[in-house]
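Readers should treat all values here as calculations from the given coordinates under stated rules, not as data from a laboratory. Small disclaimer: the values here were computed from a predicted structure and weren't measured. Here the Cβ is made from the backbone with ideal geometry for all residues, glycine too, and neighbour counts use every protein chain on show.
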Amino acid sequence: MKTTSKALAVSAMLAIPTLASAQYIANVGWAPTHIITKNAYLDMAESLKEASGGDLMLEVYTGGSLIDVRSTLQGVSNGIAQVGFVTGAYLPSDLPLNNVIADMAFVADDPTAAALAFTEVNFTEPKLRDEWQDNGVLFGGGYSTPVYKFICNTPVETPDDLKGLKIRTAGASHIRWVEHMGAVPVSVPFSEVYTGLQLGSIDCAMADTTSLVSGFRIAEVAKHVTELPMGTHTSGATWVMNPGFWQGLSAEQKSVLFDEFAQAIARMQVDYEQQADRNLELGINEHGVELVEPSDELQQALAAFNEAYINTLADVSMENRGVNDPTDIIDAYLAAEARWKERLAEVDRHDTEAIASLLKEAVYDQLDLASYGL
């Protein structure tokens, strides 16, 4: 779905409300209870309305009721919605460079630092910024899930335990790891994981623990969580914006919108971490979930894989994703992640205002609002 942002901006203007109405459409494919939906869409829309004095109002469509997850990129570029959540892993041919950076999340050990670094490089790296605009949208911000673990209907403690298991994966990095360990990657929407675990079409999901009780409730059918940290998941964008929508905003409205994006990212990341801990506790206490300690052999296998993974990612990306050498953006992401770890070490990791302030100062306030997206 490649086209020019200028052409899409012209066509999309026809579908965009006038500033007098100030009522715009936002689309997110997840259910209203999902952490991303709640923090980045429903709560953000309320705070945006208040912060703008009613000048900016978003009518939020959730759960694919307007546009499904796989079609949101095109739907926003075409002006069906002005703002939307995009899962880049579903669009590897449209967003190959974004997916290269998303692949880096497999070795991330700090979800908040990963989210803020992912946000930063998608704004600041020209190749990534241009990729969004080539698809007729503008990037607005990123996210990261908590750390992924094996959630299974059978205990996974050793490398041998993984052999032959059918494991739901969420991206190329997961597929490489699962295949490396002799398991079988399965690509299905997470909404189908419960049934898959229940019926045996999958044995495990690589997922964070927020899925155990709230939302997907897979603790009802999967009773074993292996405490093996396998990175996080960053993919696509928390928000993409229609270019005509963005260009039609005043400078003050753009500033207010980006301020609310920064606040929402901070709230979302703090909520993600708290919900991950809470869901694991509820899974253990109310659903009989058992924690499985990975063997030294399994931990060593992951460490060796991670080292080789980083060293070969550029070459593998060129071969599998058809991109030019992405070493520069990989290095940019790693440098950004290191900077964010240093910045976050200076604040309370549960203080959303402090995290949002850091993000605004380091990223959003550095953007030229007048030229962004042109």
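If you wrap a convex hull around the Cα atoms of the chain, how much volume per residue is inside, in Å³? Walk me through the numbers before you get to the answer.
On the way: hull volume 46.5 nm³, N = 374.
That works out to 124 Å³ per residue.
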### Message
Using each residue's phi in region 362-374, evaluate 6.51 cos²θ - 1.76 cosθ + 1.60 at θ = phi - 60° and report the 3J(HN,Hα) Karplus result to the nearest Hz, with x for Gly and Pro.
### Response
7, 10, 5, 6, 8, 7, 7, 5, 6, 9, 4, x, 8
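What number, rounded to the nearest 500 deg cm²/dmol, is the helix-based mean residue ellipticity at 222 nm of the chain, given -39500 (n - 2.57) per DSSP H run of at least four residues and division by all its residues? Display every interim value, and only then the final one.
Numbers: 14 runs with 172 residues, N = 374.
Rounded to the nearest 500, the figure is -14500 deg cm²/dmol.
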### Summary
Farthest towards the positive end of the dipole of region 158-203, among Val178, Gly200, Pro189 and with Cβ unit charges of +1 on Lys and Arg and -1 on Asp and Glu, lies the Cα of Pro189
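Order these peptides, 223-235, 190-202, by their mean beta-carbon neighbour count within 10 angstrom, highest first. Walk me through the numbers on the way to the answer.
Details: 223-235: 22.2, 190-202: 16.5.
Packing order, densest peptide first, comes out as 223-235, 190-202.
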#### Entry: Cα-based reach from Lys127 at 19 Å (exclusive), listing lysines while leaving out same-chain residues under 8 positions away
Lys2, Lys6
### Task
Please give the length that would be gained between Ala308 and Asp160 if that part of the chain were fully extended, namely 0.36 nm times their separation in residues minus their C-alpha to C-alpha distance (nm, one decimal).
51.2 nm
### Query
Gain in length, Glu297 to Ala251, computed as 0.36 nm per residue apart minus the alpha-carbon separation, to one decimal in nm?
11.0 nm
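Which order, highest average first, do 207-213, 106-112 follow once you tally other Cβ atoms within 10 Å for each residue and take the mean per peptide? Let's see the in-between values first.
Details: 207-213: 24.4, 106-112: 21.1.
Highest to lowest by the protection proxy: 207-213, 106-112.
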## Note on the structure
Here the relative contact order (percent) of region 221-362, from C-alpha pairs under 8 Å and at least 6 apart, is 38 percent
### Query
Under the definition of Cα pairs under 8 Å and six or more residues apart, what whole-number percent is the relative contact order of the chain?
23 percent
### Query
If packing is taken as the mean number of other Cβ atoms within 10 Å per residue, what is the order of 151-158, 40-47, 307-314, 78-85, highest first?
78-85, 40-47, 151-158, 307-314
### Task
Sketch the reach of a paramagnetic label on Val347 as a point 7 Å from Cα along Cα-to-Cβ, and name the residues of region 95-132 whose backbone nitrogen lies under 20 Å away.
109-124
#### Entry: Electrostatic dipole magnitude of the chain [Cβ: Lys, Arg +1; Asp, Glu -1; Cα centre; debye, to 20]
1180 debye
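Just the projected area, averaged over all directions, of the convex hull on the alpha carbon atoms of region 229-357: how many nm²? Each step should come with its number before you reach the end.
Working: hull surface 49.4 nm².
Dividing the Cα hull surface by four gives the mean projection, 12.4 nm².
Convert 25 °C to kelvin, take the viscosity as 0.890 mPa s, use the Kirkwood radius over C-alpha pairs of region 59-197 as Rh, and evaluate the Stokes-Einstein diffusion coefficient in µm²/s, rounded to a whole number. Provide the component values of the computation, followed by the final result.
Working: Rh = 16.7 Å.
Once the numbers are plugged in, D ends up at 147 µm²/s.
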### Spin-label model distance (nm) - Ser47 vs Asp331, 7 Å beyond Cα toward Cβ
3.6 nm
## Note on the structure
Between the alpha carbon centres of region 321-374 and region 65-79 the gap in Å comes to 26 Å
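Using the structure shown, select from Lys49/Lys254; Lys38/Lys223; Lys49/Lys360 the pairs with a Cα to Cα distance greater than 25 angstrom.
Working: Lys49/Lys254 13 Å; Lys38/Lys223 27 Å; Lys49/Lys360 19 Å.
The answer is Lys38/Lys223.
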